[in-house]
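Every number here is computed from the coordinates shown, using simple stated rules; none is lab data. Only a predicted model underlies this, so the values are computations on that prediction, with no experimental measurement involved. Positions of Cβ are generated from backbone atoms using ideal geometry, with glycine treated the same way; all protein chains shown enter the neighbour counts.
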Amino acid sequence: MSSLFVSRSPVSNFPWLSALTFLPLIGGSAVLLLGRARRSAARLAALTFAAAALAITILLWCRLDPAFGGMQFQEWHSWAPDIGLQYHVGLDGLSLLMLAISSIVVLMSIAASQSDSQNDSKNNPEQGSAYLALLLFLESGLFGTFTALNFLHWFLFWELSLIPAFFLIRLWGGAGRARAATRFFIYTMVGSIILLLAFLAIFLASGTFDFIELARMAQTGQLASAIGQNLHWHQWDAGRITMVLFWGAFLGFAVKTPVVPFHGWLPSAYAEAPSETTMALTGVLSKMGVYGFLRILLPIFPAQMWRGRTILLWFAVASVVLPAFTAWAQTDLKRIFAYSSINHLGYCILGIVAVARPLGSGPGVAAAKAAALTGVMLQLFSHAITAATLFWFVALLEKRSGGLRGLNDFGGLRRVMPVFSGMMGIALFASLGLPGLIGFPGEFLIFKGAFSLAWWATALALLGLLMTAVFLLTILQRVFSGPLSERWASIPDLTLTERLLLAPGVALIFVMGLYPQLISGMLHGTVMQFVAQVGF
Amino acid sequence: MTGSSYLELLRLTAPEIIVALAGLFVLVLDLTFLRQATLAIRFRSAVIAACTGCVLALVGLEKVSPQGALPSGMLVANPLTQLIQIALLLLAILVLLFGASADFTQNVGEYCSLVLFATTAMMLLVSTQNLLVIFITIEFLSLSLYVLTGFDKNSARSAEAALKYFLFGGMSAGILLFGMSLLYGISGSIALKPIAAAVNTSPGDPMLTLAIVMMLAGFGFKVAAAPFHMWAPEVYQGAPTSSAALVASSSKVASFFALFLLFYLALMGAAGNAGWGNYSSGWTLLIAAVAAVSMLWGNLAAIAQTSVRRLLAYSAIGHAGYMLVALVAHSPQSLAALVYYVLTYALATLGAFGVLSALETERVDSIADFSGLGKRAPGLSFCLLVFLLSLAGIPPLAGFFGKFYVFVSALNLPQHFALLWLVLLALVMSAVSLYYYLKVLKQVYVSEPKAETSAIAVPLTTSVAVWATAALVVVLGCFPDMLLNRIAAALMIAFR
Amino acid sequence: MLAWTIYISFLGAIAVTFAPGKSTAVARVTALFTALAGLGIAIVAVVHNHSGELTTIVRTSWIPQLGIEYHLAADGISLTLVLLTGVAAVAGILFSWNIERRVKEFFALYLVLIGAVYGVFLSFDLLLLFVFYEIAIIPKYFLIAIWGSTRREYAAMKLVLYSFAGSALVLAGIIAAYCVAGARTLNLEALAHFPFPASFQMWAFPLVFVGFAVLAGMWPFHTWAPTGHAAAPTAASMLLAGVVMKLGAYGCLRVAMMLFPRGLDSWGFRALGFGSWQQVFAVLAVIGIVYGATIALVQRDFKFVIGYSSVSHMGFVLLGLMTLNRIGLSGAVYQMFSHGIVAGLLFAVVGRMVYDRTHTRDLRELSRIPLGRLIPFAAVTFAVASMASIGLPGFSGFIAELQVLIGTWQSFPWMSCVAGLGILIGIAFSWRALQAAFFGDAAKTATPEHVFPPITFPERLGAYLLIVSTIVTGLYPRLLMDLILPSLNSALFEGLRRGASR
């Protein structure tokens, strides 16, 4: 076991990853304690801790060896060996990307949170210290999820990151929050339990919960033989059992991402959560599912994904196309963006499923895989930034309109709030995938890679791309153009503070659109490692 | 009979004689010197005198412990019988103490002497192995008990109970005598050992079967086993408390012991088999049936009772069933178990009646009258808790261990688990019994006392006697070896 | 020294009874210190014996005539449960600080119950174990019947009769085993190594197992549990669900399974689709899991929700036992501990924090009171307890259910899916109760009649104690695993292991 860890990965003597994970946890507790005494201090502390987390992430970004694809900054402690539980964390390009997303989005979310108690919607209680603490706890859970390399350890944080999310929706959400939170809770729990059950069976067969070890066993075929030896279910053969386990695990992640048709919880959860929370939900929480696909399903079950690819591709296509149509039919801005989220993550699923393909099955497969994987990861980043920014704009709009956010409630806003309209327009175009903005490189690479790997599905998915353009342009038209209603004649534009807070996000949209190498360069080693791993 | 054997007779029956003389002395004392004294003084003096007699007999048994046997089993004195006699004397003392503060009768001397005469009869009953003596002592005992039952002349209930007891008793005595005469006809002897030999030679004799059925019916009446139990609820309810206590405790001890000896010594050859699936005809089967019916009927009928005394009566029927299980097993170990059980059972029941006697002035009868007793008389209530839980068989009280030992002896036979069905039934029924005991205790502890009730003053003697009984029940439960060792040692000598 | 947990509790009961004067404070404090002493001893014992070896504490002849000994000993399983008892006892007293009626009697009975429970977990002579097991029954009755609430007398009687009927079966089994083994000893160690005939084990096992499982709340003998829990006063429900149900499960493992392992073997024929007692009881356990959770989902009485959840969670214990593999068994023991703590916490919130303030347990009525804002501490505590109860990672319940599920995957693959369903329903009812009770939307503002006394210091202390216990054992499972696993590997369970490998 330990030989695995004697690799050429840079051994860090400071437990950066643990420190990063527990920093927001400490921060959250501090905020809770401070909150009793002084409200503004609590807010400042929350911002400080989130910023510190971002700083550590940037530090790690600088110190990560981008060429090496394996795990770096590993920490390993015995925890409960009898049940295969170990404290094992590590960092590769993918994890680092996720850490970056989490720290940026949570920071944005905290910055966006409303400190004043003059909330327009009286249903929404003040987003005080408890709110901020929950956001920080959420961040801690995310960090843990994205660095853990032992299933149980990972699962611990995976579940713990849900708890703050539940309460954020339940306690600070809109009118339908009870229902939304319940749906969210039940859906994700169903997924989690099925996932857990599948992994317990895998543990029973293989004796380990370690992702790296399991991926190695899957690559060498040991996993299948272990399952054949140790699980005797009604005389099923190993292939069948593995397939069942794969579908179980798939379901867990599919609910979380979500993949159509397991997305029932998402629209209401996103719409009912306060927009500042939805930023975090869509920015990071939905990425957990995709991360699971990449970190767990793809390396451990490549052959099963290959066997089930037809169905999986249909799922992916459905996730791309159907939400796009649904979004078109919505009038609530938040619901539109919620469906658009499903659609954008659908591209990721498409890329991932396409990648699960034997290396020798055609020329140029490796290159296509690399392109698709890079695309998927870029897409994760871009969607996180874009969606979070968009929901921020919705939050600002809601604040000004007194809670209104319908497509038909506005019109001609660009005349009275030009800065707002311009900046939100940029985000909308980024979401649409306009070249030069952050959305483009990811989607382009996914389509480029996936087309040679699964042409028909990719072709169908193009339809979704089209529809995305349609409904996003509709927003532009209905909200910002057209005649200005009397009601909004005096609606204020963005204040200077708001502009300054939003500026980094918008800047990222441009910068990463123009220089995607900033990210893809860092991901290079990881992607190559994945390509090799999935080449069963 | 020669002179020496008369001397032997005197030596062996010295304890019984002491008790009988004490009875006469009490009678004389009360009728002559205490004529003018108040009732309380008369009761106290009589009880002191009677108890002194018992204590003298006790000391005689403990210190001298005469042993030996008269011809044809007329009188057999061995450590086992002496152990039972000691127990009977102790029970008699307790009964007398409970009665010390009673006021139901003016005939104090007669009452106390009758208690002593009954005790004498029982002492003789347990130390004989002769049909004739068995019958005579049983009749002696019964007559005393009839009178004791009807002693409260102011109570119609008491009279009715006595009449009922007498009628049933007379009939069953006839049946018992008939059975015994048949047995005599078969074997030509009234001593148990020759009878055993005769039975061994012809165990299938129909006359023998008839004799066994008859004797079982007779004894079934004495031990209040269903279906011969009809008198018990009436007597328990109607008789003066201390008389009922005597009926419920020591008469049970003596009768069960005699019953076991009779069947074990004389009728071993016709035992048959009551094991599940391989029955063969014999008295064990018969007794097993009686035991099962007693357990079922006693415990189930007790649930429906509203009078505590009737409840105790039905519970006694149930307990008779458990004890008959030991008889079904009929091994030396089961005799030890039976002795332990019947002694601890007698103590617990006696204790319960003791508590009732302390409440006599309150006219407590129905369960509802017990409400809030826990507050009105905490000590008495605690003792009642101990007695009832012991009867229910809750460890670490004596009753639990008695049950455990009886059931062990029933299963610890050459063919294991033949009697498992009976044991399981007994266990299930003991679970049922907890229900009605708890019903009483619920009133005592859970329910609030009724309005206008105050603390209850308990006479000192009763209090002491009740606490002593409770202590015995607890101690015998925690350290069953204290009694068990004596029983085992006595058995060793008696059945050497 | 561990034996003193028993003696101290009984002595404490006597001391409380004869505590001077009318003052209730003396009785309370005495009881608290008694329980604390028990907990302290338990902790010291765990620290001393951290490898879970079987150590004899006292061994002396008790009834030499029958070869019965007064034999107290502890292995890791006993220690785990003794620790649980200690924690639950202290927490229970803290949560009954507000008892005002018949205080001395309450704490005396409570301590007698605690002492008996310690006794059961530490007894290594079967008769002694049974004696303590029975002693525990009577205090339960009075605790519920005197200080209880809804239909208390009925509930108390039901509980006692169920327990007593179960123990009648157990007694039959004990006597039978005693006779078969030659009527010389009831020492558990000796009996564990005695080769009971397979045919005997085949019927003795179910007899004893069912007898104990009644108290463990096995479906369909569980009906005493919800009514009993609901009627009992807070501290008693905490003990009932927390510890007393564990007595049953402990008996199942320690007596039925340890002595009669071959009773779990295949019958050699199939009846109604079952081929062995193992399958029968596993199915009953799974039914219990799903049934308990489902019924809890539709209850209106808050306490009944928790009561049925106990049935569901005890189902995991029984399921773990029936997997017969090491990980399942250790999961079962872990679940005993975990459920003890969590159920205690849940009942504390429902019975003490909520009911004693609002005087209603009807979820619909509660949803009209903004409890989450009025007593936020209770809301947070209940949220934490629910999370622990549904087995979220980081809490003890997760470690326990995880192991049970792994074990079940091995022995009964399809049952683990059903158990998973049970967990899901469990999640649903916990969420429902949490929402309805604390975050009800019906009432937005507090009305004047909704002014509740604040959470008292003893309540906080008790809640912290239980929360810390479940989190510590959830995050650092080795604390208990190192006690449990060596004990399951010891020679005592050899028969069970041999059966499992076959």
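Whole number please: convex hull volume per residue of the Cα set in the stretch A:195-333, in Å³?
Details: hull volume 15.7 nm³, N = 139.
It comes to 113 Å³ per residue, whole-number rounded.
7 Å from Cα along Cα→Cβ at both B:ILE48 and C:ARG151: what's the point-to-point distance in nm?
Distance between the two pseudo-spin positions: 5.9 nm.
Taking the beta-carbon count within 10 Å as an exposure proxy, list A:MET217, A:MET108, B:MET492 from fewest neighbours to most.
On the way: A:MET217 22, A:MET108 25, B:MET492 12.
In order of increasing Cβ crowding within 10 Å: B:MET492, A:MET217, A:MET108.
Sort C:GLU53, A:GLU398 so the one with the fewest other Cβ atoms within 10 Å of its own Cβ comes first. Mind showing how you got there, number by number?
Details: C:GLU53 14, A:GLU398 21.
The most exposed by this proxy come first: C:GLU53, A:GLU398.
Please determine, in degrees from 0 to 90 and to the nearest 10, the orientation of helix C:277-297 with respect to the longest principal axis defined by the Cα atoms of chain C, where the helix direction is its Cα long axis.
Here the helix axis deviates by roughly 0 degrees.
How far is the Cα center of the stretch A:425-498 from the Cα center of the stretch A:300-317, in Å?
28 Å
Cut-off under 23 Å on the C-alpha distance; same-chain residues fewer than 8 positions from A:LYS334 excluded. Which lysines are left, in chain and number order?
Within the straight-line cut-off, A:LYS334 pairs with A:LYS122, A:LYS256, A:LYS287, A:LYS399.
Express the C-alpha Rg of chain C as a ratio against the empirical globular expectation 2.2 N^0.38 Å, rounded to two decimals.
Details: Rg = 21.5 Å, N = 502, 2.2 N^0.38 = 23.4 Å.
Normalised Cα radius of gyration, chain C: 0.92.
Does chain B come out rounded, prolate or oblate, given a ≥ b ≥ c as the square roots of the eigenvalues of its C-alpha gyration tensor, rounded meaning a/c under 1.5 and, failing that, prolate meaning a/b above b/c? Don't skip to the end; give the middle numbers.
Values: a/c = 1.70, a/b = 1.22, b/c = 1.39.
Oblate, because a/c is 1.5 or more while a/b does not exceed b/c.
Nearest 10 degrees, 0 to 90: what angle lies between the long axis of helix C:152-180 and the longest principal axis of chain C (Cα atoms)?
Helix C:152-180 and the main axis of chain C meet at about 10 degrees.
Got a sec? How would B:LEU438, C:LEU297, B:LEU31 order by Cβ neighbour count within 10 Å, fewest to most? Each step should come with its number before you reach the end.
Numbers: B:LEU438 25, C:LEU297 18, B:LEU31 13.
Fewest to most other Cβ atoms nearby, the residues stand as B:LEU31, C:LEU297, B:LEU438.
So what is the relative contact order of the stretch B:160-263, in percent, for Cα pairs below 8 Å that sit 6 or more residues apart?
The normalised contact order for the stretch B:160-263 reaches 33 percent.
So what is the relative contact order for chain A, in percent, with contacts set as C-alpha pairs under 8 Å and at least six apart? Present the calculation step by step, with values, prior to reporting the outcome.
Details: 923 pairs, mean separation 83.3, N = 536.
In percent, rounded to a whole number, it is 16.
In degrees from 0 to 90, rounded to the nearest 10, what is the angle of the helix A:309-329 Cα long axis to the longest principal axis of chain A?
The helix A:309-329 is inclined about 0 degrees to chain A.
Give me the Debye-computed log₁₀ of I(q)/I(0) at q = 0.04, 0.08, 0.09 Å⁻¹ for the protein assembly as shown, equal point scatterers on Cα only, no solvent, two decimals.
The Cα Debye sum returns log10 ratios of -0.35, -0.98, -1.15.
Which far-off residues, 5 or more places away or on another chain, put their amide H under 5 Å from the one on C:ILE68, with H placed in the peptide plane?
Here the answer is C:TRP62, C:ILE63, since their amide H atoms fall under 5 Å of that of C:ILE68.
What is the stretch C:346-438's relative contact order, in percent, from Cα pairs under 8 angstrom and six or more apart in sequence?
On the way: 64 pairs, mean separation 34.8, N = 93.
After rounding, I find 37 percent.
Cα-Cα over 24 Å: which of B:LYS439/C:LYS303; B:LYS164/B:LYS450; B:LYS375/B:LYS439; C:LYS140/C:LYS303; C:LYS22/C:LYS303; C:LYS246/C:LYS303?
Working: B:LYS439/C:LYS303 26 Å; B:LYS164/B:LYS450 35 Å; B:LYS375/B:LYS439 17 Å; C:LYS140/C:LYS303 18 Å; C:LYS22/C:LYS303 32 Å; C:LYS246/C:LYS303 19 Å.
Where the Cα-Cα span goes over 24 Å, the pairs concerned are B:LYS439/C:LYS303; B:LYS164/B:LYS450; C:LYS22/C:LYS303.
Using alpha-carbon positions, what is the distance between the centroids of the stretch C:238-304 and the stretch C:154-168, in Å?
17 Å
Net charge near C:THR24: determine it from the other residues with C-beta under 13 Å of the C-beta of C:THR24, scoring Lys and Arg +1 and Asp and Glu -1.
Working: positive: C:LYS22, C:ARG28, C:ARG101, C:ARG102, C:LYS104; negative: C:GLU100, C:GLU105.
Summing Lys/Arg as +1 and Asp/Glu as -1 gives +3.
Using a basic spin-label model with each label point 7 Å from the Cα along Cα→Cβ, how many nm lie between B:ARG35 and A:PHE22?
10.1 nm
Can you give the local net charge around C:ASP125? Use residues other than it whose beta-carbon is closer than 15 angstrom to its beta-carbon, Lys and Arg +1, Asp and Glu -1. Intermediate results must be reported in sequence, preceding the final value.
On the way: positive: C:ARG59, C:ARG184, C:ARG254; negative: B:ASP481, C:GLU69, C:ASP75, C:GLU134, C:GLU189.
For residues surrounding C:ASP125, the net value is -2.
Is the C-alpha gyration tensor of the stretch B:125-181 telling us rounded, prolate or oblate? Criteria: a/c under 1.5 is rounded; beyond that, a/b larger than b/c is prolate, otherwise oblate. Don't jump to the answer; show the numbers that get you there.
Values: a/c = 5.27, a/b = 2.03, b/c = 2.60.
Verdict is oblate for the stretch B:125-181.
Rank B:LEU216, B:VAL76, B:SER357 by how far each Cα sits towards the positive end of the charge dipole of chain B (+1 on Lys, Arg Cβ; -1 on Asp, Glu Cβ) and give me just the farthest.
B:SER357
Net charge near C:THR80: determine it from the other residues with C-beta under 13 Å of the C-beta of C:THR80, scoring Lys and Arg +1 and Asp and Glu -1. Don't skip to the end; give the middle numbers.
Values: positive: C:LYS246, C:ARG254, C:ARG478; negative: C:ASP75, C:ASP482.
Neighbour charge sum, excluding C:THR80 itself: +1.
Taking θ as phi - 60°, what are the ³J(HN,Hα) couplings along the stretch C:126-140 by the Karplus curve (6.51, -1.76, 1.60), each to the nearest whole Hz, with x for Gly and Pro?
Rounded to whole hertz, the list is 4, 5, 4, 4, 5, 4, 5, 4, 6, 4, 5, 5, 5, x, 4.
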